[in-house]
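Scroll down for the structure; my scribbles are underneath it.
Readers should treat all values here as calculations from the given coordinates under stated rules, not as data from a laboratory. Remember, it's a predicted structure, so these values are computed and weren't measured experimentally. Here Cβ is always computed from backbone atoms with ideal geometry, including for glycine, and neighbour counts include all displayed protein chains.
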């Protein structure tokens with residue numbers, strides 16, 4: 001495909017998620033915005049922006065043919081862009097989206113979580129709507145075909161009535177916790193209330209503590225939320241239904257299903273089948289993300305992981321924190337999401 005026919009992309013933020021690739025095993029590459037744009041034949045990465053000169057120096061070595069900018073304003077002034085990635089730290093998302101929107105790209109792909117406050121999240125969504133920009137939030141697993149397929153099956157009743165479950169994350173509620181909350185919404189729908197308590201034993205990220213909690217979905221399906229220590233790497237959840245159990249494990253790369261069967265040793269009792277159906281292996285979630293955005297731009301796909309999803313996830317995170325701050329008060333979400 002000729003360059004002039006490709007979608008033009010730019011990235012604000014040249015840190016780990018923005019441009020790095022070597023830190024990822026080949027099985028899960030691309031793992032960054034830049035790596036994902038470079039391998040997609042329908043996208044031309046034309047600009048990188050960061051106010052840190054050391055990061056721009058690294059970017060220049062990795063992507064020598066891409067224009068570099070210290071200023072977002074200058075970048076959007078000098079380039080006609082179809083896609084702009086916001087890969088800066090969360091505290092800059094609001095500012096960077098408002099700056100990027102002035103360039104009127106067709107798409108803004110913003111890292112998770114959308115913001116740290118509902119007010120800023122609402123303003124991010126509003127400015128994108130006013131400028132006819134499709135906002136995507138980078139909860140990467142939302143774009144994965146295997147997870148999409150299984151979430152549809154579960155919500156259609158594959159496990160029968162859902163009874164309860166447990167979920168695990170690490171490195172802060174607003175870091176990996178936001179991915180977990182988004183996945184639970186993807187599989188179970190919108191929650192009704194939350195309850196939270198700080199976990200001082202596993203918290204280590206400044207200003208982003210780990211919180212133990214309960215999240216109640218429709219019909220009082222209660223999922224326990226449990227954080228682990230620094231970089232523990234166990235991320236996923238288990239849910240039990242009347243027909244069996246589903247495990248989303250290994251960072252959500254793998255789905256495991258066990259059917260509920262009669263227990264031959266105890267009349268009238270049941271157990272989980274020793275046979276485990278497995279699907280999925282380590283892969284790049286980012287690849288599917290960017291492919292979905294291309295499909296949206298070609299008018300072939302309905303947007304996944306939108307700004308509206310992002311603000312719903314944020315409302316849940318903030319409610320968990322509010323609960324922990326207020327003596328583990330049960331927080332109802334009816335008027336928050």
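For the chain, find the longest principal axis of its Cα atoms and tell me its angle to the long axis of helix 145-155, 0 to 90°, nearest 10.
Taking the Cα atoms of the chain, the angle to 145-155 is about 40 degrees.
Starting with the highest mean, order 30-36, 284-290 by the number of other Cβ atoms within 10 Å, averaged over the residues of each peptide.
Highest to lowest by the protection proxy: 30-36, 284-290.
Please state the relative contact order of the chain as a whole percent: Cα pairs under 8 Å, 6+ residues apart?
17 percent
Compute the helix-to-body angle for 285-297: its Cα long axis versus the longest principal axis of the chain, expressed 0 to 90° and rounded to tens.
So the helix axis and the longest Cα principal axis differ by about 60 degrees.
Would you work out if the stretch 1-70 is rounded, prolate or oblate? Take a ≥ b ≥ c from the square roots of the eigenvalues of the alpha-carbon gyration tensor; rounded if a/c is under 1.5, else prolate when a/b is larger than b/c, oblate otherwise.
The shape class here is oblate.
Express the relative contact order of the stretch 226-300 as a whole percentage, based on alpha carbon pairs under 8 Å and six or more residues apart in sequence.
It comes to 20 percent, rounded to a whole number.
Of all alpha-carbon pairs in the stretch 145-261, indicate the percentage at a distance above 21 angstrom. Mind dumping the intermediate values first?
Numbers: 2325 of 6786 pairs.
Cα-Cα pairs in the stretch 145-261 separated by more than 21 Å: 34 percent.
Taking square-rooted eigenvalues a ≥ b ≥ c of the alpha carbon gyration tensor, is the chain rounded, prolate or oblate, where a/c under 1.5 means rounded and, failing that, a/b exceeding b/c means prolate?
Numbers: a/c = 2.00, a/b = 1.62, b/c = 1.23.
Prolate is the answer for the chain, as a/c is 1.5 or above and a/b outweighs b/c.
Among 148-159, 79-90, 266-277, how do they line up from the highest to the lowest mean number of other beta-carbon atoms within 10 Å?
With the highest mean Cβ count within 10 Å placed first, the list reads 79-90, 148-159, 266-277.
Of all DSSP beta bridges in the chain, what percent run antiparallel (nearest 5)?
On the way: 37 of 65 bridges.
If I count the DSSP bridges inside the chain, around 55 percent turn out antiparallel.
How much length is gained on full extension from residue 3 to residue 27, taking 0.36 nm per residue of separation minus their Cα-Cα distance?
Numbers: separation 24, 0.36 × 24 = 8.64 nm, distance 2.80 nm.
Extra length available between residue 3 and residue 27 comes to 5.8 nm.
List the residues of the stretch 4-26 whose backbone N lies under 18 Å from a point placed 7 Å from the Cα of residue 80 along the Cα-to-Cβ direction.
In the stretch 4-26, the label zone of residue 80 (backbone N under 18 Å from the point 7 Å along Cα→Cβ) covers 4-10.
Between the stretch 265-325 and the stretch 169-211, how far is it from one alpha carbon centroid to the other, in angstrom?
14 Å
Quick one: helix 118-130 against the long Cα principal axis of the chain, what's the angle to the nearest 10°, folded into 0 to 90?
The two axes meet at around 50 degrees.
Cα-Cα pairs above 24 Å in the stretch 86-230: how many percent?
Counting every Cα pair in the stretch 86-230, those more than 24 Å apart make up 42 percent.
For the stretch 187-337, compute the orientation-averaged projected area of the C-alpha convex hull (one quarter of its surface), in nm². Before the final figure, lay out each step's value.
Numbers: hull surface 50.8 nm².
Orientation-averaged projected area of the Cα hull: 12.7 nm².
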